[in-house]
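Following: one structure in structure tokens, then a few remarks.
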Amino acid sequence: MALEIAIRRFGGPEVLEARDVPPDAPAKGQIRIRHKAIGVNFTDVHGRRGDYAPLRAMPMPLVLGMEAAGVVEAVGEGVERFRAGDRVAYASGPIGAYREVRNFAADRCVALPAGVSDQAAAALLLKGLTLQTLLRRVFRVPAGAWVVFHSAAGGVGSLAGQWLRALGAHAIGTVGSEVKVAAARAAGYQEVLVRGRDDWPARVGELSGGGVPVVYDSVGRDTWQGSLACLAPRGHFVCFGNSSGLAPSFQVNELRDRGSLVLTWMRFGDYTATAAELQAAAQELFEMVASGALRLPAPQCLPLERAAEAHRLLESGKSTGPLVLLPGVG
């Protein structure tokens, strides 16, 4: 039997329940992974609450989680990339990572290099692949460019500051409160502006000499108009989240009137749709880690059985560093 954390209804952290289930043999194209570390992300909280329509349509019980690292126990028919004993990680759907043992598509997994621990992989891969897609695929940031990145002290934002510094970009970060300014500066941002205190669109214009070529926005509703105002003509508005709520409706002609702006919503899964794309993105990410350009804060680890506590920490904003669940240590 193997432990998993499932929900039978949507709601608060208390709906997360432990249960034992028998592991299945991997199907064709799958590998069976014994998880060593499982990443906890805010997308898991949204799933638990029932915020995503596709999940609301799925039968219960549901097992959450999209990110984990572990060791291959068995391979299904047709799998040639991996064999038993290999270390692997993944960061994509379908959900179901809150388990000790899981079958998963081999072509959605990446091989872990020796220098990346299981805990680091579970804390890094989803955020890191998101960032690689943002900075190197959706808009390839050149050296010397001014860039705005919202939520600069958050999990993705703090890594973005380091990566942008390594690229030689001038990174302007925004944060939601003054207490986060120091963390954002330590992450590598050249300037840090506080939303709600600073007139940050005006300040961005002053610093950049009239506007930036790209804004990375995971906030949504509260930063929408300001992000548009930050952009230079032909600038790129890259959305990848909506933590403050959905962005408002707008007239597409506004993009024309502000100087032929480009607007896109990024899902990194669309940019890593093939095994080759996924492995190439992961390789660049791991190279950044190996070079020392990306330094991940030590993850805060909890036993898998305490997944509800991890969700409470994440929602409270009081967690320090990435949250990781450890199977088999409770």
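The values are calculated or read from the model by the stated rules, or taken from the named source; none is laboratory data. Computed from a prediction, not measured in an experiment: that's the story for all the values here. We place every Cβ from the backbone using ideal geometry, glycine too, and count neighbours over all the protein chains shown.
Data for the structure
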read-out: Test result for residue 59, assigned to a loop (DSSP other than H, G, I, E, B) and free of Cβ contacts under 8 Å to residues at least 24 places away in the same chain; value: yes
read-out: Odd one out for residue 255, checked against (1) touching a residue at least 24 places away in the same chain (Cβ under 8 Å); (2) crowded, with 17+ Cβ neighbours inside 10 Å; value: (1)
read-out: Total residues in segment 80-104, condition in a strand (DSSP E or B) and either over 27 Å from residue 46 (Cβ atoms) or small (Gly, Ala, Ser) (or both); value: 3
read-out: Identity of the residue in segment 183-225, over 22 Å from the mean Cα position of the chain (by Cα) and hydrophobic (A, V, I, L, M, F, W, C), that ends up nearest to residue 284 (Cα to Cα); value: 212
read-out: Qualifying residue in segment 94-103 (condition: of a type in the set (A, V, I, L, M, F, W, C), crowded, with 21+ Cβ neighbours inside 10 Å and over 30 Å from residue 327 (Cβ atoms)); value: no
read-out: Among the residues listed as 313, 278, 296, the single one being part of a loop (DSSP other than H, G, I, E, B), out of contact with any Cys (no Cβ under 7 Å at 6 or more places or on another chain) and assigned by TED's automatic domain parsing to the domain that holds residue 35; value: 296
read-out: Qualifying residue in segment 203-226 (condition: of a type in the set (Asp, Glu), surrounded by fewer than 16 Cβ atoms within 10 Å (Cβ to Cβ) and modelled with pLDDT under 95); value: no
read-out: Failed item in (1) over 26 Å from residue 98 (Cα atoms); (2) touching a strand residue (DSSP E or B) at 6+ places or on another chain (Cβ under 9 Å), with residue 279 passing the rest; value: (1)
read-out: Residues within segment 216-240 that are on the phi > 0 side of the Ramachandran plot and assigned to a loop (DSSP other than H, G, I, E, B), tallied; value: 1
read-out: Qualifying residues in segment 27-44 (those that are closer than 18 Å to residue 305 by Cβ and among the aliphatic types (A, V, I, L, M)) - the one surrounded by the most Cβ atoms within 10 Å (Cβ to Cβ); value: 38
read-out: Residue ID - farthest from the chain's Cα centre (by Cα), chosen from residues in segment 4-26 that are surrounded by fewer than 16 Cβ atoms within 10 Å (Cβ to Cβ) and closer than 20 Å to residue 329 by Cα; value: 22
read-out: Lone unmet requirement of (1) at positive phi; (2) crowded, with 19+ Cβ neighbours inside 10 Å for residue 260; value: (2)
read-out: Number of positions in segment 74-123 that are over 19 Å from residue 279 (Cβ atoms), modelled with pLDDT under 95 and among the hydrophobic types (A, V, I, L, M, F, W, C); value: 1
read-out: Test: residue 324 is in contact with a helix residue (DSSP H, G or I) (Cβ under 9 Å, 6 or more places away or on another chain), modelled with pLDDT of 90 or more and either outside the structural domain of residue 33 (by TED's automatic domain parsing) or buried (at least 20 other Cβ atoms within 10 Å of the Cβ) (or both); value: yes
read-out: Odd one out for residue 189, checked against (1) in a helix (DSSP H, G or I); (2) at pLDDT 95 or above; (3) aromatic (Phe, Trp, Tyr); value: (1)
read-out: Residue satisfying all of: in segment 241-266; among the hydrophobic types (A, V, I, L, M, F, W, C) and not in a loop (DSSP other than H, G, I, E, B); farthest from residue 42 (Cα to Cα) among these; value: 255
read-out: Tally of residues being polar (S, T, N, Q), buried (at least 18 other Cβ atoms within 10 Å of the Cβ) and not in a helix (DSSP H, G or I) across segment 161-186; value: 1
read-out: Complete set of residues in segment 105-145 that are assigned to a strand (DSSP E or B) and surrounded by 23 or more Cβ atoms within 10 Å (Cβ to Cβ); value: 110
read-out: Flag for residue 294 being modelled with pLDDT of 90 or more and not small (Gly, Ala, Ser); value: yes
